[in-house]
Amino acid sequence: MRLGCFGCLVLVVGILVIVVAAAGFLFLSGNMATAPDVQPSRFTRADGFSAQRKLYELVMRESGRSTRTDPVVLSEAEVNAFLANHLEEAAGLPFSPLIVRFAGGQLELKGQTVLRHLLQGPPFPQFMRYMPAEKLDQPVWVTVRGRFVVEHPRSKTGRTYARMDVTEFALGKQPVGKWLLWLMLGQTGSKLLRFQIPAVVDSVEIEERRAIIRTQ
């Protein structure tokens, strides 16, 4: 019993060391506040409507109300327009601006928010009450790169998910470990980087400036 309690204590201390180290980096790193090279995305309201129409087509195929089998192609402009309107609504994480790029088989997300919006995973919310408000409200650029992976269910009753297999994560111009992204966002990261998609989706291929969705 004593050994078990000692093991728990070691685990708790280890977690606190990691969290304190992460918090120290977040609040003391000067590169974090430096904006990366950013090219603004250009899209129109029509791009947003087009993206919604194409995504609805996937729902129609899953329900059997559409017999089309051709790939659904989403452009960068369409994806940027859609996320500009729905990301905060879906995950409660406001970015302004938010820029998505497709290149080299990977997708890249760059966005600006304030630091307090990123510190959602425990125990950051408890620590934030002791932090100066001007630091928590500091604008921060976030860069995430990764590959898009479709996870097919192992059974007929299972669900199909898409996830972003993160390869790079940076705050401002400072590259940081991928683990810090999950630590900071907590459950919000799970919703943003892994989400349910229509079971009819077979694969998603990232090409230059577009994503190709193939269905079964």
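The values are calculated or read from the model by the stated rules, or taken from the named source; none is laboratory data. Since we're looking at a predicted model, the values are computed, not measured. In this analysis, Cβ positions are derived from the backbone assuming ideal geometry, glycine residues included, and neighbour counts consider all displayed protein chains.
Structure above, values below:
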quantity: Criterion (exposed (fewer than 14 other Cβ atoms within 10 Å of the Cβ), under 30 Å from residue 57 (Cβ atoms) and in contact with a strand residue (DSSP E or B) (Cβ under 6 Å, 6 or more places away or on another chain)) met by exactly one of 144, 149; calculated: 149
quantity: Top-ranked residue in region 170-216 [being free of Cβ contacts under 8 Å to residues at least 60 places away in the same chain and farther than 20 Å from residue 79 by Cβ; ranked as surrounded by the most Cβ atoms within 10 Å (Cβ to Cβ)]; calculated: 181
quantity: Output for region 99-135, where each listed residue is more than 15 Å from residue 189 (Cβ to Cβ), at pLDDT 80 or above and of a type in the set (A, V, I, L, M); calculated: 99, 100, 103, 107, 114, 115, 133
quantity: Any pair with Cβ under 9 angstrom, 6 or more apart, that starts in region 39-53 at a residue that is touching a residue at least 12 places away in the same chain (Cβ under 8 Å) and ends at one that is loosely packed, with under 15 Cβ neighbours inside 10 Å and assigned to a loop (DSSP other than H, G, I, E, B); calculated: 40/97; 41/97
quantity: Out of 50, 41, sole residue that is out of contact with any Ser or Thr (no Cβ under 7 Å at 6 or more places or on another chain) and not in a helix (DSSP H, G or I); calculated: 41
quantity: Single unsatisfied condition, residue 36 versus (1) at positive phi; (2) under 19 Å from the mean Cα position of the chain (by Cα); calculated: (1)
quantity: Residue tally, condition assigned to a strand (DSSP E or B), farther than 18 Å from residue 106 by Cβ and hydroxyl-bearing (Ser, Thr, Tyr), over region 146-182; calculated: 1
quantity: Selection from region 80-98 of residues that are modelled with pLDDT of 80 or more and among the polar types (S, T, N, Q); calculated: 80, 96
quantity: Subset tally (residues that are under 16 Å from residue 54 (Cα atoms) and assigned to a loop (DSSP other than H, G, I, E, B)) for region 183-215; calculated: 4
quantity: Qualifying residue in region 136-145 (condition: at pLDDT 85 or above, among the basic types (Lys, Arg) and not in a helix (DSSP H, G or I)); calculated: yes
